[in-house]
Amino acid sequence: MNLQTLQATAKEMVAKGKGILAMDESTGTCNKRFKKIGSEETVEQRRAYRDLLLTCPGLSNHISGAILYDETIRQATLNNVPFPQYAEKQGIIPGIKVDTGAMNLAGHPGEKVTEGLDGLRERFAEYRKMGARFAKWRAVITIGPGIPSHACIQANAHALARYAALAQEADLVPIVEPEVLIDGDHTLERCYDVTRATLRRVFSELAVQGVAFEGMILKASMVVSGEASPQQANVEEVARETVRCLLNTVPPAVAGIAFLSGGQGNEQATAHLNTMNRLFKSLPWPLTFSYGRALQQPALETWRGKKENVAQAQKLLLLRAKLNGAATLGQYSEKMEKEAA
Ligand code: 13P
């Protein structure tokens with residue numbers, strides 16, 4: 001493990017004004033989204049869509065890194081430049097999702113555990129050769145009556161820590177992502193309690209496995225009201241409770257925190273991040289974004305699988321990247337949305 005390399009990469013990934021583009025949807029998820037927009041569900045369409053995202057002019061002004069999927073990291077631009085090399089040349093660090101998905105947790109109905117540790121050391125070696133400089137593993141925690149169980153939090157935290165240690169051994173910065181799902185009708189307070197319990201367990205397991213906090217990034221879900229809750233917390237409440245939760249759980253040595261959007265609206269995700277950075281100016285870690293849907297959705301819906309829509313779709317991607325970049329500095333405003341429209 002080269003801690004200097006890990007620290008330098010992690011720092012670049014969370015540089016002020018920039019964030020990380022999550023474009024690592026599995027083939028199944030990608031196809032599901034293609035179906036909704038009426039696009040074909042083929043290898044070439046998935047390549048074409050990832051090409052649209054990565055070759056978006058100006059993207060690297062606001063995007064520091066891109067998370068690729070196993071299929072994507074092996075693909076290339078139309079001019080035949082492999083995606084990881086293309087990204088690196090633009091100043092966008094290529095990364096790779098390495099978990100193999102969330103499976104049902106035995107004996108715990110309604111709960112999942114993320115798999116993918118088998119053979120991971122060898123896979124890391126291959127991804128490194130292909131140019132990846134960081135990795136991602138996502139665990140999912142579901143809130144419901146009587147869940148999450150201790151067993152679910154414990155199993156996921158342990159796997160995250162084993163993954164993170166292997167990533168650092170291979171000199172890849174681990175993005176550690178324990179996502180507390182927005183699904184359900186729970187209150188903001190319940191989300192706070194579950195997120196706090198999850199993060200405490202995750203950092204305890206990371207410490208047991210000897211993971212260097214300076215060389216990792218936490219990908220966190222925000223503390224929000226459940227999607228179906230009749231009582232929705234406002235932007236400032238979400239910002240304050242999220243930061244309070246992080247201050248209570250995340251060691252100051254961690255290189256940075258990048259949020260997932262997790263089903264929030266595009267503008268809402270930007271507003272939440274912006275408010276955190278506006279209200280809290282001297283936190284121990286930079287707060288940025290690693291959004292998938294909240295960056296891609298307008299572009300995807302405009303593209304609809306057609307070549308003639310690529311340029312317009314790229315403009316919309318660039319806009320969301322730019323506004324979220326502003327949110328990392330607390331300089332975003334709703335007015336900017338209206339001006340852009
Ligand atoms: P969303 O922002 O769409 O939640 O995706 C981020 C991600 O990478 C989830 O693992």
Next on the checklist: Would you confirm, using the coordinates I've provided, whether ARG33 is over 19 Å from the mean Cα position of the chain (by Cα) and part of a helix (DSSP H, G or I)?
Outcome noted: no
Item to check | Hits in region 174-196 (condition: outside any loop (DSSP other than H, G, I, E, B), out of contact with any Lys or Arg (no Cβ under 7 Å at 6 or more places or on another chain) and of a type in the set (A, V, I, L, M, F, W, C)) | outcome: VAL180, LEU188, CYS191, VAL194
Checklist entry - Mind checking which residues of region 147-201 are of a type in the set (Asp, Glu) and under 18 Å from ALA220 (Cβ atoms)? => result GLU177, GLU179, ASP183, GLU189, ASP193
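Return the only residue of PRO174, PRO94, PRO148 being surrounded by 21 or more Cβ atoms within 10 Å (Cβ to Cβ) and more than 16 Å from the ligand (Cβ to nearest atom).
PRO148
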Item to check | Residue in region 238-252 that is touching a Phe, Trp or Tyr at 6+ places or on another chain (Cβ under 6 Å) and more than 15 Å from CYS191 (Cα to Cα) present | outcome: yes
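Conditions tested, residue by residue: (1) away from the ligand (no atom under 13 Å from the Cβ); (2) touching a residue at least 40 places away in the same chain (Cβ under 8 Å); (3) surrounded by fewer than 23 Cβ atoms within 10 Å (Cβ to Cβ).
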| position | (1), (2), (3) |
| --- | --- |
| LEU247 | yes, no, yes |
| PRO251 | yes, yes, yes |
| ASN266 | no, yes, yes |
| ARG278 | yes, yes, yes |
| SER282 | yes, no, yes |
| LEU295 | no, yes, no |
| THR302 | yes, no, yes |
| VAL310 | yes, yes, yes |
Checklist entry - Quick check, is LYS16 touching a Pro at 6+ places or on another chain (Cβ under 8 Å) and farther than 21 Å from ALA132 by Cα? => result yes
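Laboratory data are not the source of any read-out in this text; all were calculated from the coordinates shown. Keep in mind that what you see is a predicted model, and the values were worked out from it rather than measured. Ideal geometry is used to build each Cβ from the backbone, glycine not excepted, and the neighbour counts take in all protein chains shown.
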